[in-house]
Amino acid sequence: MQSRLVETNQSGIHRDLSALVQKHAQSTYQRPIPDFSRAAFEEFERSLGLSEKKQIIMDSCCGTGESTAFLAASNPEAFVVGVDRSAHRLQKHHRKTGENYIILRADVEDFWRLLADHYGQHVILHAIYYPNPYPKARHIMRRWHGHPLFSTMLRLANLTELRTNWRLYADEWAFASSLLGYTPETEIIHAAEPITAFERKYAASGHELTRVVIHRS
């Protein structure tokens, strides 16, 4: 099925993004972490301990877990945790765990904070592949770079990678990260081997796919 291009009522980077990023960077996110997310994190810790891996990769909003399994196979030295809040999507994964990965149901915002507090120096990659673009201008705070935890997200891993089929999302992500002192690298990718169902669909539909990479200093 042909996938439509993202349509938006913005003509460029959102006019409120700079103020949002600066405001959030100077505030403390105080939403309590719910029990179900803590339980998921404890399950992750048990699996990590059994694996005896010292390096961690997080796959945020992993959907069916296809990208989680791909990252695990590509990085056998690391333990990969895929997190998504949709039980329906996670149930489509043929297995819940592999030799070096696990997929869990939780809010990624909760997982970011728990992972940063307990294993911040061990996260080598944070993958955020094809997030919901929320293309309407009034929904800027629903995009990850407009979220109060954007700065926390970027501090989580040695390397953070975004992939998207909406160039404006990539441009806003890069702009927001630069406001926080990072030097983002943006490039067009050619998905010869798609790593998510969305990437496969967008590539087949002829969309331009963009990745933004940010290194933690």
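The values are calculated or read from the model by the stated rules, or taken from the named source; none is laboratory data. These numbers come from a predicted model, not from an experiment. Positions of Cβ are generated from backbone atoms using ideal geometry, with glycine treated the same way; all protein chains shown enter the neighbour counts.
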Unmet requirement for THR196, which otherwise passes all of (1) at pLDDT below 95; (2) buried (at least 16 other Cβ atoms within 10 Å of the Cβ); (3) more than 23 Å from ASN75 (Cα to Cα): (3)
Every pair of residues 6+ apart whose Cβ atoms lie under 8 Å, when the first sits in segment 1-23 and is among the β-branched types (Val, Ile, Thr) while the second is exposed (fewer than 13 other Cβ atoms within 10 Å of the Cβ): THR8/LYS136
Breaking point among (1) among the aliphatic types (A, V, I, L, M); (2) touching a Gly at 6+ places or on another chain (Cβ under 7 Å); (3) over 20 Å from LEU125 (Cα atoms); (4) modelled with pLDDT under 95, for ALA69: (3)
Selected residue (criterion: nearest to ILE33 (Cα to Cα)) from residues of segment 75-124 that are surrounded by fewer than 22 Cβ atoms within 10 Å (Cβ to Cβ) and acidic (Asp, Glu): ASP110
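Residues to consider are ARG4, ARG46; find the one that is more than 30 Å from ALA203 (Cα to Cα) and either out of contact with any strand residue (DSSP E or B) (no Cβ under 9 Å at 6 or more places or on another chain) or modelled with pLDDT of 95 or more (or both). Spell out the reasoning first.
Numbers: ARG4 fails: more than 30 Å from ALA203 (Cα to Cα).
Testing whether each residue is more than 30 Å from ALA203 (Cα to Cα) and either out of contact with any strand residue (DSSP E or B) (no Cβ under 9 Å at 6 or more places or on another chain) or modelled with pLDDT of 95 or more (or both) leaves just ARG46.
Taking the conditions exactly as written (out of contact with any His (no Cβ under 7 Å at 6 or more places or on another chain), farther than 20 Å from ILE140 by Cβ and not basic (Lys, Arg)), does LEU20 satisfy them or not?
Values: out of contact with any His (no Cβ under 7 Å at 6 or more places or on another chain): yes; farther than 20 Å from ILE140 by Cβ: no; not basic (Lys, Arg): yes.
In short, no.
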Leading residue by the ranking (nearest to PHE70 (Cα to Cα)) among those in segment 16-59 that are under 19 Å from the mean Cα position of the chain (by Cα), crowded, with 18+ Cβ neighbours inside 10 Å and not aliphatic (A, V, I, L, M): ASP59
In segment 154-198, the residues that are among the small types (Gly, Ala, Ser), touching a residue at least 24 places away in the same chain (Cβ under 8 Å) and not in a loop (DSSP other than H, G, I, E, B): ALA170, ALA174, ALA176, SER177, ALA197
Positions within segment 7-31 being within 30 Å of TYR101 (Cβ to Cβ) and either of a type in the set (Ser, Thr, Tyr) or at pLDDT 95 or above (or both), in sequence order: TYR29
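How about segment 50-153: which helices (runs of 4 or more DSSP H) wholly inside it have at least 2 residues that are in contact (Cβ under 8 Å) with a residue 12 or more places away in the chain and within 20 Å of THR164 (Cβ to Cβ)?
Details: elements: 66-74, 87-90, 108-119.
Counting at least 2 such residues, we get 66-74, 108-119.
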Selection count where residues are in contact with a Lys or Arg (Cβ under 7 Å, 6 or more places away or on another chain) and of a type in the set (D, E, K, R), scope segment 104-131: 2
